[in-house]
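What follows is a short report on a single structure.
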Amino acid sequence: MPVRRATPLYAVAVALVLAVTAPTTAAADSPALREVLFVGNNWDGTADVIESTGDFARIGRIDVVPDKAERMAEINADPIRWIYFMAIRGGVGEGHDQFVDDMYSTPDGASVVVSRPSFADVVSLDLTTGRINWRFPVSGYRSDHMAVSPDGTRVAVSASTSNTVHVLDIATGEQVGSFKTGDKPHENVFSRDGRHIWNMSIGDVNTALDATWLDWTKGDRRITVVDAATFKQVKVIDMRERLDAIGLKDHSDAVRPAAFSPDESKLYFQVSFFNGFLEYDVAADRITRTKTLPKNPATSDDRTTWVNDSRHHGITMKPDGGKLCVAGTMDDYATVVDRTTLEQGPLVTASKPYWATVSGDGESCVVSESGADQVTAIDFETGEKTVSVPVGDHPQRVRLGHVEAGWSGTHG
């Protein structure tokens, strides 16, 4: 029997079948992912991985400094690096080394990328073996807050002492760009569409020159907005001018943690020394509202005793934009605030809460209690605490991410 040759129509049909089935096959080959929360235990040099909702139970733990001996040998061999290392320990570290500031998982859930302030670097850790995939030493002597792009392919990291933000390919660790900032870059935020990066520089927070009249000594503090493709500066926002315009001349202009509204028309941010937050209208370029939160009577009025010029440090927003959650760091509480009325809910007792983020289901605010070595979930609806989970020494940043389904810890 002669072999029948494929007609053009038959060939098209085959091509269509292959086109439809190929992605399905690829998806089947990809490991299933599990949503989790990563909790960075800064003084421990570990990160706990916990459930992203429900009881927030711990799933596993990661050693984020598997190369500690090698890094310490390098530092001890370099007098300048050693001086900075010890300065970090005695200053922002409150007598401790800072081994994990921030972390994000890769889109495939196979690795986690961590900034390590005391080692002045960013590393990618394999979540199966615990080994380092790549390492990027930042410019200067300290790495800090990071942000991941909406598509998960790039990570931006602040290099505190060089006034630089490096943007890295999350898979390879190669730098794809960088840009200059004000003094001591801190928080980074990608816009929802990934087109812009917002960086907040906080100035010199480690000096004892904390009196209001000495605010000018704290350095150049500003928001720098850049194009995320070209890394060219789009605009600079100096909150000093905006604060002065509404009569808040005694407020610091060092913008600390911040959260955008869902449509990114409003920015809610904390500033040094202030027990509360401010609302900034992006289009109008002005501060529109101020919320002062209660002071804890037990908190000292001596501003030099407040950690790194913080009063409150940590703010996040419920995904629907209706509620904010605020970590009252030096006042030892966290609270949920209605975004429309700015009325706060119950003050939930917390020991030096250092960060606030949203649970995987969007129903809870999760704060890190750095003074109690635990994370605490607060229900957005009621404002009440639901559960606390023990973690490692001095938890700070908490980030949503993914691991492969069935993951229960690294095995080096």
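The values are calculated or read from the model by the stated rules, or taken from the named source; none is laboratory data. All figures in this text were calculated on a predicted structure; none of them were measured in a lab. Ideal geometry is used to build each Cβ from the backbone, glycine not excepted, and the neighbour counts take in all protein chains shown. Surface areas here come from the heavy atoms of the whole protein model, side chains and all, with no ligands, DNA or RNA. Shrake-Rupley method; radii C 1.70, N 1.55, O 1.52, S 1.80 Å.
Structure above, values below:
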read-out: Sequence-separation-based contact order of region 170-324, relative, with Cα cut under 8 Å and 6+ spacing, percent; value: 17 percent
read-out: Full-stretch length increase - Arg131, Ala405 - with 0.36 nm per residue and alpha-carbon distance subtracted; value: 96.7 nm
read-out: Fully extended contour minus Cα-Cα distance, from Asp220 to Ala208, at 0.36 nm per residue; value: 2.6 nm
read-out: Largest to smallest principal axis extent of the C-alpha atoms in region 287-405, angstrom; value: 48, 36, 25
read-out: Estimated inter-spin distance, Asp285 and Ala298, nm [label 7 Å along Cα→Cβ]; value: 4.6 nm
read-out: Gain in span if fully extended, Ser261 to Val307, counting 0.36 nm per residue against the direct Cα distance; value: 13.8 nm
read-out: Simple label model, 7 Å out from Cα along Cβ direction - Asp361 to Glu74, nm; value: 4.3 nm
read-out: Per residue solvent-accessible surface (Å²) - the chain, probe of 1.4 Å; value: 42 Å²
read-out: Cα centroid separation, region 223-250 to region 51-113 (Å); value: 30 Å
read-out: Peptides 164-176, 233-245 ordered by average Cβ neighbours within 10 Å, highest first; value: 164-176, 233-245
read-out: Ellipsoid equivalent to region 43-144 - semi-axes via the Cα gyration tensor, in Å; value: 26, 15, 11
read-out: Whole-number D in µm²/s for region 179-249 (Stokes-Einstein; Kirkwood sum over Cα pairs; 4 °C, 1.567 mPa s); value: 98 µm²/s
read-out: Counted charge near Thr299, where neighbours are those whose Cβ lies closer than 9 Å (Asp, Glu -1; Lys, Arg +1); value: -1
read-out: 10 °C / 1.306 mPa s Stokes-Einstein diffusion coefficient of region 343-399, Kirkwood radius on C-alpha pairs, µm²/s; value: 141 µm²/s
read-out: Fraction of accessible area attributable to carbon and sulfur, the chain (%, probe 1.4 Å); value: 54 percent
read-out: Given Lys266/Lys323; Lys249/Lys291; Lys249/Lys318; Lys266/Lys318, the pairs whose alpha carbons are separated by over 19 Å; value: Lys249/Lys318
read-out: Environment charge at Phe277 (Cβ cut-off 10 Å; Lys +1, Arg +1, Asp -1, Glu -1); value: +2
read-out: Simple spin-label estimate for Asp320 and Lys180 in nanometres, 7 Å along Cα-Cβ; value: 4.6 nm
read-out: Rounded to the nearest 20 debye, dipole of the chain from Cβ charges on Lys, Arg, Asp, Glu; value: 880 debye
read-out: Once the Cα gyration tensor of region 108-248 is diagonalised, semi-axes √(5λ) in Å; value: 30, 18, 11
read-out: Mean separation of Cα contacts under 8 Å (6+ apart) over length of region 255-347, as relative contact order %; value: 22 percent
read-out: GNM top mover of Ala77, Ala120, Ala156 - the chain, alpha-carbon springs below 10 Å; value: Ala77
read-out: Average Cα contact separation per residue, the chain, under 8 Å, 6 or more apart, as relative contact order %; value: 15 percent
read-out: Largest-first principal axis extents, alpha carbons of the chain, Å; value: 98, 55, 44
read-out: Formal net charge of residues neighbouring Thr386 (Cβ-Cβ distance under 11 Å; K, R +1; D, E -1); value: -4
read-out: Rounded Å value of the spacing that divides the Cα centres of region 371-403 and region 319-358; value: 12 Å
